[in-house]
């Protein structure tokens, strides 16, 4: 089994300062929000699978992918499609926290539900962490309902939408949070 120190050293060799930072930040987030219970795995900076997300957790490899465009100016951001003008460690930390939620769920028994974001375990973690972050948000599993003759996903009033769940915590931060 590879130790945290070995993983961090490899991350620093492969990705320089941001590689080392990612492991230090993973450790801080793991201790702060998960009582240090997660088992460290590799953290890779590059394109996420299919290039469609900011981060991704691979359950089969215990591997967190962080999109290389999260850290500007380390990696150039031309052609970025997420519309974030201020990419930085604060934003990357929130993406990493999101992926650690997936890691925690996997390492403590997995999930059952529609998606990796729309299940009891994920929404429980979002509710728990939102409180620790001082956020006034609620999460509940989103169910399909018949509305005006169409089956649609419907979030309970006052709860995060499916999109907001899939982008927590950065979807729930104040607009200027990353500019500070």
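Throughout, read-outs are computed from the coordinates displayed, never taken from laboratory work. No experiment lies behind these values; they were computed from the predicted model shown. Note that each Cβ is placed from the backbone with ideal geometry, even for glycine, and that neighbours are counted across all protein chains shown.
Annotations for the structure displayed:
- Against the main long axis of the alpha-carbon atoms of the chain, helix 120-132 sits at an angle near 70°.
- Within the listed set 38, 30, 163, the Gaussian network model of the chain (springs between alpha-carbon atoms below 10 Å) gives the highest mean-square fluctuation for 163.
- Across every direction, the projection of the convex hull enclosing the Cα atoms of the chain has a mean area of 11.5 nm².
- Protection proxy ranking of 122-129, 42-49, by the mean of other Cβ atoms within 10 Å over each peptide's residues and highest first, is 122-129, 42-49.
- Adding -39500 (n - 2.57) for every DSSP H run of four residues or longer, then dividing by how many residues the chain holds, sets the calculated 222 nm ellipticity at -12000 deg cm²/dmol.
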